[in-house]
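Working notes for the structure below.
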Amino acid sequence: MSGWTYFSLKWQAIGWILIGRQAPALSCFDRMLALDGQDAYALASRAHLRAQLGDKPGALQDYARLNALPGAKAADFFNQGFLQESAGQLQDAEVSFRRAIALDDTLDRAWFGLGLVLMRQSRLDEAIVALKRNTQLQPMSPYAWCELARIHEKRQEPEEVVKIIRHLQGFEPKVAAQLARETGVNVKANPV
């Protein structure tokens, strides 16, 4: 493909997206891929746009093609795993999240996604490991802490739930209060 045609289509797609016109942008990405079916930028962009438009099967097809290319990125495997998890494809999502983590051990979102997928498969010991890694990478984010508390609640380990709620009280008191209500655990505020 000529450089001019490629950049023209790319900038047209960006322009369409900026003014909220996804259909013509999608057409630009389709044309780019008709010229070069292995264009990673066009595949990633079209996959993202398809996902935004609710076309999960199309987005998953694009991510599968993209992630089969040399030089696939951790973020693209994460995106594929996210869509697979939301489509109920738990084993495929686990593979995608693990591949993302293998490429970038610090991708906190992939650890969180892996933890959720493992929870949904009732593999709680493994889920705890993944969620704890997420909390190491994102200590001030309440999401993995809440999921850890839910796991401990399922396992009837109220003392662990209390520890997590007390921890959350230090930086997310509203989330801590909500979690205490959800779990039925009565936790007094930590003394300062």
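The values are calculated or read from the model by the stated rules, or taken from the named source; none is laboratory data. What you are looking at is a predicted structure, and each value in this text was computed from that prediction instead of being measured. So basically every Cβ, Gly included, is an ideal-geometry build from the backbone, and we count neighbours across all protein chains shown.
All conditions but one from (1) of a type in the set (Gly, Ala, Ser); (2) touching a Ser or Thr at 6+ places or on another chain (Cβ under 8 Å); (3) loosely packed, with under 13 Cβ neighbours inside 10 Å apply to Gly88; the one that does not is (2).
Look at (1) crowded, with 20+ Cβ neighbours inside 10 Å; (2) outside any helix (DSSP H, G or I); (3) among the small types (Gly, Ala, Ser) and you find that Ala42 fails only one, number (2). One residue stands out among those in the stretch 88-119 that are polar (S, T, N, Q) and part of a helix (DSSP H, G or I): the one that is farthest from the chain's Cα centre (by Cα), which is Gln91. Please work out if Ala44 is hydrophobic (A, V, I, L, M, F, W, C), closer than 19 Å to Leu103 by Cα and without any contact (Cβ under 8 Å) to a residue 24 or more places away in the chain. For Ala44, the condition - hydrophobic (A, V, I, L, M, F, W, C), closer than 19 Å to Leu103 by Cα and without any contact (Cβ under 8 Å) to a residue 24 or more places away in the chain - is not met. Filtering the stretch 155-192 down to residues that are surrounded by 15 or more Cβ atoms within 10 Å (Cβ to Cβ) and among the polar types (S, T, N, Q), which residue is modelled with the lowest pLDDT? Ranking the qualifying residues of the stretch 155-192, first place goes to Thr183. Among the residues of the stretch 73-87, those that are part of a helix (DSSP H, G or I) and not hydroxyl-bearing (Ser, Thr, Tyr) comprise Ala74, Ala75, Asp76, Phe77, Phe78, Asn79, Gln80, Gly81, Phe82, Leu83, Gln84, Glu85.
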